[in-house]
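**Q** Let me begin by handing over the structure; questions about it come next.
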Amino acid sequence: MGRTVRAALLQTDWTGDKGTMIDKHEAQAREAAKQGAQVMCFQELFYGPYFCQVQEPEYYSYTEPIPDGPTTKRFQALAKELGMVLVLPMYEIVQAGLYYNTAAVIDADGKYLGKYRKQHIPQVKGFWEKYYFTPGTGGYPIFDTAVGKVGVYICYDRHFPEGWRALGLNGAEIVFNPSATSRGLSEYIWKIEQPAAAVANMYYVGAINRVGIEPLGDDDFYGQSYFVDPEGKFVGNQGDPYKPELIVRDLDMDKIKTVRDRWAFYRDRRPDAYDELVER
């Protein structure tokens, strides 16, 4: 009997405040569980607006400690209640002035497994992220969850193939890429990059993007969230380009081995020939 994982993504719009945004995500996690989902990932900085269109210290107030903050604790309890693995992208504080764009990973029994901190931080118009985020520490961890080996790569990270490969070398079976990315900038590569990464590394990718126009920006987030398999094929339809949507898909995990036995990319890598990749 093959191994199938039912996985969920939520693309949604900003409610106007943190409390109702968290409530919305809890409600949608419960709905995903009703549909049989075993793992779910929320969008980048899920409980807040995407505030990086401006550079204002007031938005540091969205930070929380991880895992000791209230949102992590709340969703640990929810994960345990629902028996669902949860990936929670949040704004992490270590100390005043030291903040990370981070995803916490919670196992289906409510145990906190660890965190991934966004490694690549953009600083371009509308995405002034270096003002808010320190480049990630801790490398490219893989979390051994109830549904298998899960990795995270956050938004702008996806433009850098090295991290995708590191996640694969570390054993990833599913990599979630929570994002907040706008129509005018990146829509033309949204349907190319993650499928290409899935093919090159032979694992599943769950790509999440927000929807709607938020108060701080004049460009809209274009949704179109999706799962893609190790052959680069979309698993079911992509999400709506304008409306909130809960996406639940069945992932055939046996396909990973099938594809890896067909294309032995990990065998045929030449790390001895790649020195120039780590030079400026």
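The values are calculated or read from the model by the stated rules, or taken from the named source; none is laboratory data. Treat the numbers as computed from the prediction; the structure is a model and nothing was measured. Neighbour counts run over all protein chains shown; Cβ positions are idealised from the backbone, glycine included.
**Q** Is it the case, given these coordinates, that residue 189 is modelled with pLDDT under 95 and among the β-branched types (Val, Ile, Thr)?
**A** So residue 189 does not fit the description; no.
Each row is one residue, and each column tells you yes or no for (1) closer than 18 Å to residue 225 by Cβ; (2) touching a Phe, Trp or Tyr at 6+ places or on another chain (Cβ under 6 Å); (3) in a helix (DSSP H, G or I).
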site: 2; (1), (2), (3): no, no, no
site: 5; (1), (2), (3): yes, no, no
site: 9; (1), (2), (3): yes, no, no
site: 25; (1), (2), (3): yes, yes, yes
site: 30; (1), (2), (3): no, no, yes
site: 40; (1), (2), (3): yes, no, no
site: 43; (1), (2), (3): yes, no, no
site: 51; (1), (2), (3): no, yes, no
site: 58; (1), (2), (3): no, no, yes
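**Q** Go through the residues of segment 89-110 one by one and say whether even a single one is touching a strand residue (DSSP E or B) at 6+ places or on another chain (Cβ under 6 Å), over 21 Å from residue 50 (Cβ atoms), surrounded by fewer than 21 Cβ atoms within 10 Å (Cβ to Cβ) and touching a residue at least 40 places away in the same chain (Cβ under 8 Å).
**A** Yes, there is a match, as at least one residue in segment 89-110 is touching a strand residue (DSSP E or B) at 6+ places or on another chain (Cβ under 6 Å), over 21 Å from residue 50 (Cβ atoms), surrounded by fewer than 21 Cβ atoms within 10 Å (Cβ to Cβ) and touching a residue at least 40 places away in the same chain (Cβ under 8 Å).
**Q** Considering segment 213-227 alone, what residues qualify as being surrounded by fewer than 24 Cβ atoms within 10 Å (Cβ to Cβ) and either at pLDDT 95 or above or touching a helix residue (DSSP H, G or I) at 6+ places or on another chain (Cβ under 6 Å) (or both)?
**A** The answer is 219, 220, 222, 224.
**Q** Keeping to segment 201-247, report how many residues are over 29 Å from residue 162 (Cα atoms) and not in a loop (DSSP other than H, G, I, E, B).
**A** Adding up the residues that qualify gives 3.
**Q** Moving on to the next point. Could you tell me how many of the residues in segment 248-280 are of a type outside the set (A, V, I, L, M) and part of a loop (DSSP other than H, G, I, E, B)?
**A** The number of residues fulfilling the criteria is 6.
**Q** Could you tell me which numbered condition residue 72 fails, if it satisfies all but one of (1) under 22 Å from residue 12 (Cα atoms); (2) part of a strand (DSSP E or B); (3) among the hydroxyl-bearing types (Ser, Thr, Tyr)?
**A** So residue 72 meets the others, but not (2).
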